[in-house]
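A short write-up of the structure that comes next.
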Amino acid sequence: MAEYPKELKLKDGTTITARLLEPQDTEALYGFFLKIPRYDMLMYKDDVSTRESVESWFTSPSYNKLVQLVCVKDSEIVAKGTLHNEGLYWSNAAEIKLLVHPDYRGLGLGSQMFHLLLNEGISKNFRKIIVRYVMGNPSFSKILSHYGFEPETVLNSYIKDEKEGVTKDL
């Protein structure tokens, strides 16, 4: 695993600290998810806008994430990324999930976080990195394209937004 914390420089000159998620981050992580548009969080199976989900899914030691990173500015979490292989049945595969606070999008933070997580996957000898995301996010599509990722499958109407009653592609 790479050394953390790391200082990341954004396009506007802002410095952000990337570090491993810690158990005491529960409240800050919950606050972070409350600021993320609902549409962006549909990739998660659980409703991460509830404190219970944050406490159990993201901070419980019973869930074995390979790497959980957060980016912090002035003690506020502004990005969250995970490399994990939970729920995947192949030992050569891992999945990256990444969310960036809306105020920090377009500044290169998502790209730098993705780079860190991808390098973690490569260093752990994963041959297949899976990225699931809700279609319609041009910034994230650009990041994936930059790193050579291409859609292998689009699951049409796969995700149902229970609150809005509409389906989305994954």
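Can you work out which of the residues in region 62-100 that are under 14 Å from the mean Cα position of the chain (by Cα) and of a type in the set (Lys, Arg) is surrounded by the most Cβ atoms within 10 Å (Cβ to Cβ)?
Selected residue: 80.
If you scan region 115-136, which residues turn out to be in a helix (DSSP H, G or I), closer than 22 Å to residue 91 by Cβ and either of a type in the set (D, E, K, R) or in contact (Cβ under 8 Å) with a residue 24 or more places away in the chain (or both)?
Answer for region 115-136, where residues must be in a helix (DSSP H, G or I), closer than 22 Å to residue 91 by Cβ and either of a type in the set (D, E, K, R) or in contact (Cβ under 8 Å) with a residue 24 or more places away in the chain (or both): 117, 118, 119, 120, 121, 123.
Being closer than 20 Å to residue 126 by Cβ, of a type in the set (Phe, Trp, Tyr) and modelled with pLDDT under 95 is true for just one of 90, 57. Which residue is that?
Answer to the selection: 90.
Of all residues in region 18-27 being touching a residue at least 40 places away in the same chain (Cβ under 8 Å) and open to solvent by less than 40 Å² (accessible area, probe 1.4 Å), which is nearest to residue 73 (Cα to Cα)?
18
Given the structure, is residue 29 at pLDDT 75 or above and among the hydrophobic types (A, V, I, L, M, F, W, C)?
So residue 29 passes the test.
Look through region 112-148, keep the residues that are polar (S, T, N, Q) and under 13 Å from residue 1 (Cα atoms), and return whichever of them is surrounded by the fewest Cβ atoms within 10 Å (Cβ to Cβ).
It comes out as 125.
Out of the residues in region 97-153 that are in contact with a Gly (Cβ under 7 Å, 6 or more places away or on another chain) and β-branched (Val, Ile, Thr), which is nearest to residue 83 (Cα to Cα)?
Filtering first and then ranking leaves 129.
Matching residues to (1) modelled with pLDDT of 95 or more; (2) out of contact with any Asp or Glu (no Cβ under 8 Å at 6 or more places or on another chain):
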| position | (1), (2) |
| --- | --- |
| 61 | no, yes |
| 64 | no, no |
| 84 | no, no |
| 94 | no, yes |
| 100 | no, yes |
| 104 | yes, yes |
| 129 | no, no |
| 138 | no, yes |
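The values are calculated or read from the model by the stated rules, or taken from the named source; none is laboratory data. Computed from a prediction, not measured in an experiment: that's the story for all the values here. Cβ atoms come from the backbone with ideal geometry, glycine included; neighbour counts cover every protein chain shown. Note: accessible area is taken over every heavy atom of the protein model, side chains too, but ligands, DNA and RNA are not part of it. Shrake-Rupley method; radii C 1.70, N 1.55, O 1.52, S 1.80 Å.
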